[in-house]
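Asks: Let me give you the structure first, and then I'll get to my questions.
The values are calculated or read from the model by the stated rules, or taken from the named source; none is laboratory data. In this text the structure is predicted, and so the values were computed from the model without any measurement. Counting neighbours? That spans all protein chains shown, and the Cβs are built from the backbone with ideal geometry, glycine included.
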Amino acid sequence: TQSIAVECIKDAVLHRVAEGSEEFRVTPEHGATLPLWVIPVTVGGVADRRNVIIDGAFADYDSGSFTHWEALSGAAILSQDTSQFLFGSGTLKVSGNGATAAELIQNLAQRVPPLAVGRVWALGTWAYVSSCNTGSVTVDLLVDGSPSSLRLTINGSTPAGQWLHLGGFEYLPRQAHPGKVKVRVRCSSDFSGVVLLDGVSLAPAAEIPHAGLQVALFQGSRPPLCTPLADRFEIRTLSDDAGAFQRMFRDRLQTAMPSSDSPTVNDSLAE
């Protein structure tokens, strides 16, 4: 066995990188360190080379259907939920009635560059179980028409009332045609309940040399930090003296203070 250390070295708070673009460093017991980046969730129709899924956040929805996904069956129980989501402005809601199977797919044939075969890919999704009485909801791949061995399954044993991340690895064989790979969300005909899915992502896994390990870092519900935040203090002033107080903290302490003036610094970004 061999352990590895995964450390965030560039984050949104301290280094001002965009959320979903945080950089990590992987250090194995033997061998050189390896840079690693977060797999970002895609929102809307903007393609991202780091994630081959388009609109994994299910943000684009019009006239009862998702713009970048195709419902092959059970469209009546597939909808967008805008009251509870992690990314973008909505999420996929599967409302099973115990009698209807559903299948939602995205064809990955037109990706540029084409999907790399002969390597390991990482598939992940966020899931929220409101209820699940019977049946299951799964996320998997279709490779040359055959289901992948990896299945991310939500069923009655999945904890309810909280967002959970499910993920795993799938090897795309060299003989697989890169134009015949699809990602699929489906529910069994006996599924009765309500499940939300958000942030569906698919990206090449990073191979750690000499360790025999594959690593993937999916974008989370909260951005990672390089180091735990130190003690926090509440400071109140009656006057900022035209920004002098902010400038002193910025120049002397490298600390961004919240401000109601322009440009503003939100309270959540105070360091």
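Asks: So which of Thr100, Thr33, Thr82, Thr27 is of a type in the set (S, T, N, Q), under 15 Å from Leu197 (Cα atoms) and either touching a residue at least 24 places away in the same chain (Cβ under 8 Å) or out of contact with any helix residue (DSSP H, G or I) (no Cβ under 7 Å at 6 or more places or on another chain) (or both)?
Replies: So the residue among Thr100, Thr33, Thr82, Thr27 that is of a type in the set (S, T, N, Q), under 15 Å from Leu197 (Cα atoms) and either touching a residue at least 24 places away in the same chain (Cβ under 8 Å) or out of contact with any helix residue (DSSP H, G or I) (no Cβ under 7 Å at 6 or more places or on another chain) (or both) is Thr82.
Asks: Separate question: Going through region 113-152 one residue at a time, which ones are hydrophobic (A, V, I, L, M, F, W, C) and free of Cβ contacts under 8 Å to residues at least 60 places away in the same chain?
Replies: Across region 113-152, the qualifying residues are Leu142, Val143, Leu150, Leu152.
Asks: How many residues are in a strand (DSSP E or B) and closer than 30 Å to Ala160 by Cβ if we restrict to region 175-213? Please lay out each step first, then the result.
Replies: Of region 175-213, the ones in a strand (DSSP E or B) are 181-187, 192-204, 206-208, 213.
Going one step further and asking which of them are closer than 30 Å to Ala160 by Cβ, we end up with 182-187, 192-203.
Qualifying residue count, region 175-213: 18.
Asks: Hey, can you tell me all the residues within region 129-158 that are more than 25 Å from Gly118 (Cα to Cα), touching a strand residue (DSSP E or B) at 6+ places or on another chain (Cβ under 7 Å) and of a type outside the set (Val, Ile, Thr)?
Replies: Once the filter is applied, which keeps residues that are more than 25 Å from Gly118 (Cα to Cα), touching a strand residue (DSSP E or B) at 6+ places or on another chain (Cβ under 7 Å) and of a type outside the set (Val, Ile, Thr), region 129-158 yields Ser130, Ser131, Cys132, Asn133, Gly135, Ser136, Asn155, Gly156.
Asks: Hey, among the residues in region 214-236 that are in contact with a Phe, Trp or Tyr (Cβ under 7 Å, 6 or more places away or on another chain) and part of a loop (DSSP other than H, G, I, E, B), which one's modelled with the lowest pLDDT?
Replies: If we take residues in region 214-236 being in contact with a Phe, Trp or Tyr (Cβ under 7 Å, 6 or more places away or on another chain) and part of a loop (DSSP other than H, G, I, E, B), then Ser221 is modelled with the lowest pLDDT.
Asks: Return a yes/no flag: does region 163-173 have any residue that is more than 19 Å from His68 (Cβ to Cβ), outside any helix (DSSP H, G or I) and either among the basic types (Lys, Arg) or not assigned by TED's automatic domain parsing to the domain that holds Val200 (or both).
Replies: The first filter runs over region 163-173 and keeps only residues more than 19 Å from His68 (Cβ to Cβ), leaving 163-173.
Restricting the remaining residues to those that are outside any helix (DSSP H, G or I) gives 163-173.
Next, only the ones that are either among the basic types (Lys, Arg) or not assigned by TED's automatic domain parsing to the domain that holds Val200 (or both) stay: none.
No; the residues of region 163-173 include none that is more than 19 Å from His68 (Cβ to Cβ), outside any helix (DSSP H, G or I) and either among the basic types (Lys, Arg) or not assigned by TED's automatic domain parsing to the domain that holds Val200 (or both).
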